[in-house]
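The values are calculated or read from the model by the stated rules, or taken from the named source; none is laboratory data. Quick caveat: nothing in here was measured; it's all calculated off a predicted structure. Because the Cβ atoms are built from the backbone with ideal geometry, glycine has one as well, and the counts that use them run over all protein chains shown.
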Amino acid sequence: MLMSTLQIKDLHVSIEGKEILKGVNLTMNSGEVHAIMGPNGTGKSTLSSAVMGHPSYEVTSGEILLDGEDVLEMEVDERARAGLFLAMQYPSEVTGITNAEFIRSAINARREEGDELPIMKYLKQLDKTMAGLEMTEEMAERYVNEGFSGGEKKRNEILQMMMIKPKFAILDEIDSGLDIDALKIVSKGVNEMRGGEFGCMIITHYQRLLNYITPDHVHVMMNGKIALSGGPELAKRLEAEGYEGIRSELGIELDVKEEAND
Ligand SMILES: Nc1ncnc2c1ncn2[C@@H]1O[C@H](COP(=O)(O)OP(=O)(O)OP(=O)(O)O)[C@@H](O)[C@H]1O
Ligand SMILES: [Mg+2]
């Protein structure tokens, strides 16, 4: 079994000269599910973008290591090939390439030349995975996310994840916009992936998702840092108390920016 580790060390990230992440530390091992919660605008999506190498996000200091390899030195496509995957909070549409083509090229990019997944085997896997996610077959032949409803896009991100089988997946608000049945289906998909060779970071605002996907660790991000970590009970506490209890306990001032968002 291949054990992997993703280490984020004292990560500082700025956008257009403004510091958003102010020293994030987080270590994830394969087999683990980490939930990240926290008020709007605290930098959760910024963290996911920085891990994937989005060009607008400038890492000013700190490290990201995947099995000891320097992720910050890698281009975006190299990060994907190294086994990192992001389901974006707002998945983008890709015109001109079908879902089936897109996923197949992503899978093959992670395999050696000459060792590409045979097409029939691929299509069989795709059919099976789509059926499990209760997606209609025609969605394979549509352009990536084009005209997909909010919930369909989220389901499609999970399809990509299940087919690509990354070492680490970051799921940014995968529950937003999902109806109750879809929430269960998507959670089932994530739970099927759980195991020794897969680790997952779930960014969410709601305990509800964590009823279906029980996290091993829960982290609360505030003002660009992880303010508090704990087990699943921490998410339950947040659901009951909101962030105020933790703020006053830790003596964290309410950010003006957050206040504007509340
Ligand atoms: N391109 C940008 N230009 C300027 N500010 C930005 C840009 N991208 C993000 N920010 C700011 O960075 C801060 C952190 O944003 P981020 O999307 O990481 O928050 P978040 O924790 O994911 O919030 P939410 O829970 O609402 O998704 C916000 O104040 C946001 O306005
Ligand atoms: Mg976000």
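Of all residues in the stretch 143-177, those that are more than 17 Å from residue 31 (Cα to Cα) and within 16 Å of ligand 2 (Cβ to nearest atom) total 10. Would you check if there is a residue in the stretch 90-99 being surrounded by 16 or more Cβ atoms within 10 Å (Cβ to Cβ) and modelled with pLDDT under 95? Yes, there is a match, as at least one residue in the stretch 90-99 is surrounded by 16 or more Cβ atoms within 10 Å (Cβ to Cβ) and modelled with pLDDT under 95. On the stretch given as the stretch 208-262, residues that are modelled with pLDDT under 90 and in a loop (DSSP other than H, G, I, E, B) total 6. Contact map, the stretch 221-243: first residue more than 14 Å from ligand 1 (Cβ to nearest atom), second residue of a type outside the set (A, V, I, L, M, F, W, C) and assigned to a strand (DSSP E or B), Cβ cut-off under 6 Å, separation 6 or more or different chains; pairs are 229/219.
Residue 87 falls short on exactly one of the conditions (1) among the small types (Gly, Ala, Ser); (2) away from ligand 2 (no atom under 16 Å from the Cβ); (3) surrounded by 16 or more Cβ atoms within 10 Å (Cβ to Cβ), and that condition is (2).
Quick grid of which residues meet (1) free of Cβ contacts under 8 Å to residues at least 40 places away in the same chain; (2) of a type in the set (S, T, N, Q); (3) under 13 Å from residue 84 (Cβ atoms):
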position	(1), (2), (3)
5	no, yes, yes
8	no, no, yes
20	no, no, no
67	no, no, yes
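Among the residues of the stretch 162-177, the one identified as more than 16 Å from ligand 1 (Cβ to nearest atom), without any contact (Cβ under 8 Å) to a residue 60 or more places away in the chain and not charged (D, E, K, R) is 162. Put simply, of 129, 95 the only residue that is out of contact with any helix residue (DSSP H, G or I) (no Cβ under 8 Å at 6 or more places or on another chain), among the polar types (S, T, N, Q) and either in contact (Cβ under 8 Å) with a residue 24 or more places away in the chain or under 30 Å from residue 149 (Cβ atoms) (or both) is 95.
For the stretch 196-209, name all the residues that are closer than 16 Å to residue 6 by Cβ and not hydrophobic (A, V, I, L, M, F, W, C).
196, 197, 199, listed by residue number.
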